[in-house]
Amino acid sequence: MKDFEKPEDVRIGVFVCHCGSNIAGYLDCKAVAEYASTLPGVVFSTTNLYTCSESGIAEIKRAILDKGLTRVVVASCSPRTHEPLFRSSCKEVGLNPYLFEMVNIRDQCSWVHMKDFEEATEKAKTLVRMGVAKAWFLEPQEDLEVPIEAKVAVIGGGIAGLSAAESLADMGVSVVLVEKSPHLGGLVSYLSSLAPHFSSPEEVLNPLIARVENHSGIRLYLGATVRGIEGYVGNYRIRIETREGEELQETVSAVVVAIGAKPYVPLGLYGYDGRGIITQLELEKCLRKREGDALGKDVVMIQCVGARSQKEGEKSYCGRICCITAVKNAILLKELFPDTRVSILYRDMQTYGSDFEAMLWKARSMGIKFYVYDVNRPPEVREGRVLFKSNIFSDEVIGLPCDLLVLSTPLIASDDATAIANLLRVPVDANGFFLEAHVKLRPLDFATDGVFLCGSCRFPCTAEEARIQGMGAAARVGALLSKGKVVSSAIVAEVNALSCCGCKGCLGVCPYGAITYDEVKDVCEVNPILCKGCGTCTGVCPSQSVQLKGFNPKQLLSQVHASVESLKEILTKYERI
Ligand code: SF4
Ligand code: SF4
């Protein structure tokens with residue numbers, strides 16, 4: 001810090017949080033606050049039981065006003081969860097929120113040094129010293145604001161996409177709905193009935209489709225393909241090829257991906273032929289037409305076909321809804337054709353939730369037989385019989401007569417998933433399903449701002465779940481649009497055009513596609529709305545031309561210097577040098 005010219009009027013306040021006993025139980029908070037009061041520039045320091053509580057926030061605000069603080073340092077938990085709260089508290093009393101610095105003495109100190117009170121205290125002092133050193137060089141920043149129009153594209157016209165489109169249009173949002181096939185409804189339109197209440201797909205779909213088709217807020221492109229997507233939240237430009245072969249562009253503020261999934265076709269498994277040996281989806285089509293005579297009296301279903309398998313070409317995951325589908329179809333078969341004998345061969349029945357569990361017990365009560373098969377010796381189909389070993393503790397082989405064999409296969413990622421993922425620069429998992437920002441905290445968002453997902457393109461789900469997810473995604477978009485603007489953090493990278501040599505090193509490493517190259521000026525530029533402030537680009541720039549606001553060399557080196565000085569003092573104190 002001594003090498004840098006210090007700014008004037010720096011008055012730093014330090015607030016050391018006990019976090020109940022999370023921090024105070026493992027280090028001496030009072031000693032840390034007293035130490036902070038000796039650091040250059042610190043005019044006020046204190047401890048709080050919970051700095052994030054109403055009284056803790058009130059104390060920060062009061063100190064800013066009464067002590068004339070120009071910088072605030074809070075030593076507590078993680079900035080990931082609490083930095084926005086502290087920043088907005090500073091802003092409420094007129095201090096620029098970027099003149100706030102957070103020091104993590106919980107996750108990175110008390111929690112990892114629970115058995116060493118004294119050393120944890122010394123480390124906390126060092127961390128606070130580093131925070132104070134950086135606070136000297138903090139600069140006021142302004143958040144970026146971009147106005148957004150209430151216009152959204154929904155890609156996919158299955159039940160999830162229809163639900164999202166209708167919910168958004170009902171909020172007054174203009175919706176562009178793009179569906180690849182010539183009709184709406186997706187996979188649900190091929191089903192015979194919907195679990196767990198055996199409602200008719202038409203009863204659910206037809207009114208929904210009619211509302212979407214007739215909604216004045218929805219522009220529908222059927223038989224159309226998304227050819228290109230560029231831009232960022234508030235300004236996505238989507239190129240659509242219509243079924244007539246015309247190419248047009250729509251500009252929207254957000255995108256909902258709802259392209260669904262497709263059934264796995266079990267080629268080469270159990271003699272699948274699409275006639276006497278069929279999939280559950282093919283059985284659904286027969287049941288829709290109430291075709292019973294052709295099915296035969298003895299129906300056997302085999303679960304986990306092509307699923308939960310490490311074999312090449314098969315899927316390692318549980319299809320999640322195949323057991324529900326099998327039980328539902330078995331019940332429907334018995335209801336339509338009571339003389340039919342139905343057996344289900346399974347590894348584990350995955351009928352989650354009370355409604356699906358009740359469906360399973362109903363199936364049992366109707367005389368549908370359930371047999372566990374040994375995964376190491378899967379069933380064999382021989383001369384009109386299905387042979388399997390039902391008990392891993394005995395070698396008894398059971399043979400079931402079989403007129404119709406139904407294979408329960410998983411849904412797999414849509415053929416278009418990779419192309420859409422590439423266009424939107426959003427991730428897919430190892431199986432090609434889209435990967436949400438956070439499975440629990442942000443299950444319907446992508447990490448990319450303004451892009452959302454719902455339905456079976458995320459992972460196989462029931463029609464009811466797809467509908468709920470579609471509505472949920474619409475709510476997420478609504479929350480974004482309701483503000484009329486996008487506010488982005490000021491902590492973004494910027495390129496110094498005078499020193500940038502145009503080597504494009506930064507462009508290649510940015511995970512968010514926030515950097516572009518200007519051929520005329522021969523420099524790279526950062527789009528501040530797309531930039532997530534990850535800092536990756538700053539590490540590769542040979543001329544230090546790209547820097548991250550809030551993490552510039554002066555700020556970082558002041559922290560390094562403080563930590564070295566602190567280490568020297570600790571070593572002296574413990575007489576190790
Ligand atoms: Fe891209 Fe991260 Fe650099 Fe921003 S800070 S431009 S997101 S690499
Ligand atoms: Fe310019 Fe640095 Fe990016 Fe190279 S890495 S293009 S010098 S900003």
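Checked against the criterion of being in contact with a strand residue (DSSP E or B) (Cβ under 6 Å, 6 or more places away or on another chain), more than 30 Å from residue 285 (Cα to Cα), of a type in the set (Val, Ile, Thr) and open to solvent by 20 Å² or more (accessible area, probe 1.4 Å), the candidates 175, 103, 146, 128 yield just one match: 146. Determine if segment 172-187 includes at least one residue that is assigned to a helix (DSSP H, G or I) and closer than 30 Å to residue 227 by Cβ. For segment 172-187, residues assigned to a helix (DSSP H, G or I) and closer than 30 Å to residue 227 by Cβ: present. The test for being free of Cβ contacts under 8 Å to residues at least 24 places away in the same chain, outside the structural domain of residue 130 (by TED's automatic domain parsing), open to solvent by 30 Å² or more (accessible area, probe 1.4 Å) and of a type in the set (Gly, Ala, Ser) holds for residue 482.
Selection of first residues in segment 45-56 that are farther than 19 Å from residue 69 by Cβ and of second residues that are small (Gly, Ala, Ser) and surrounded by 14 or more Cβ atoms within 10 Å (Cβ to Cβ), restricted to Cβ pairs under 9 Å at least 6 apart or on distinct chains, gives the following pairs, ordered by first then second residue: 49/24; 49/56; 50/56; 50/76. Sort out which residues of segment 490-513 are among the charged types (D, E, K, R) and either near ligand 2 (Cβ under 6 Å from one of its atoms) or at pLDDT below 95 (or both), and write them in order of number. Once the filter is applied, which keeps residues that are among the charged types (D, E, K, R) and either near ligand 2 (Cβ under 6 Å from one of its atoms) or at pLDDT below 95 (or both), segment 490-513 yields only 504.
Residues that are crowded, with 16+ Cβ neighbours inside 10 Å and not in a helix (DSSP H, G or I) were ranked within segment 536-550; the one that is farthest from ligand 2 (Cβ to nearest atom) is 550. Restricted to strands (runs of 3 or more DSSP E) entirely inside segment 197-308, those with at least 2 residues that are modelled with pLDDT under 95 and open to solvent by 20 Å² or more (accessible area, probe 1.4 Å) are 225-232. The test for being more than 16 Å from ligand 1 (Cβ to nearest atom), at pLDDT 95 or above and either in a helix (DSSP H, G or I) or in the same structural domain as residue 543 (by TED's automatic domain parsing) (or both) holds for residue 475. In segment 522-547, the residues that are in the same structural domain as residue 80 (by TED's automatic domain parsing) and touching a residue at least 60 places away in the same chain (Cβ under 8 Å) form no Cβ pair under 9 Å with any partner that is of a type outside the set (A, V, I, L, M) and more than 9 Å from ligand 1 (Cβ to nearest atom), whether six or more places apart or across chains.
Say whether the condition of being out of contact with any strand residue (DSSP E or B) (no Cβ under 8 Å at 6 or more places or on another chain), more than 10 Å from ligand 1 (Cβ to nearest atom) and either assigned to a helix (DSSP H, G or I) or under 28 Å from residue 103 (Cβ atoms) (or both) is met by at least one residue in segment 515-525. No, every residue in segment 515-525 fails to be out of contact with any strand residue (DSSP E or B) (no Cβ under 8 Å at 6 or more places or on another chain), more than 10 Å from ligand 1 (Cβ to nearest atom) and either assigned to a helix (DSSP H, G or I) or under 28 Å from residue 103 (Cβ atoms) (or both). Selection of segment 341-363 for residues being assigned to a loop (DSSP other than H, G, I, E, B), under 29 Å from the mean Cα position of the chain (by Cα) and not hydroxyl-bearing (Ser, Thr, Tyr) yields 348, 349, 350. Among residues of segment 495-514 being surrounded by fewer than 17 Cβ atoms within 10 Å (Cβ to Cβ) and within 11 Å of ligand 1 (Cβ to nearest atom), the one that is nearest to residue 530 (Cα to Cα) is 513. Assess whether residue 568 counts as being among the charged types (D, E, K, R), in contact (Cβ under 8 Å) with a residue 40 or more places away in the chain and open to solvent by 50 Å² or more (accessible area, probe 1.4 Å). No.
Counting the residues of segment 489-512 that are farther than 23 Å from residue 98 by Cβ and either of a type in the set (S, T, N, Q) or within 23 Å of the chain's Cα centre (by Cα) (or both) gives 3.
In segment 423-444, the residues that are part of a loop (DSSP other than H, G, I, E, B) reach residues that are among the basic types (Lys, Arg) with C-beta atoms within less than 9 angstrom, at least six apart or across chains, in these pairs: 431/315; 433/458; 435/458; 436/442; 436/458; 443/458; 444/458; 444/476.
The values are calculated or read from the model by the stated rules, or taken from the named source; none is laboratory data. Bear in mind that the values here come from a model prediction, so they are computed numbers and not experimental data. Note: ideal-geometry Cβ built from the backbone for every residue, glycine included; neighbour counts use all protein chains shown. Accessible surface areas use protein heavy atoms only, side chains included; no ligands, DNA or RNA. Shrake-Rupley method; radii C 1.70, N 1.55, O 1.52, S 1.80 Å.
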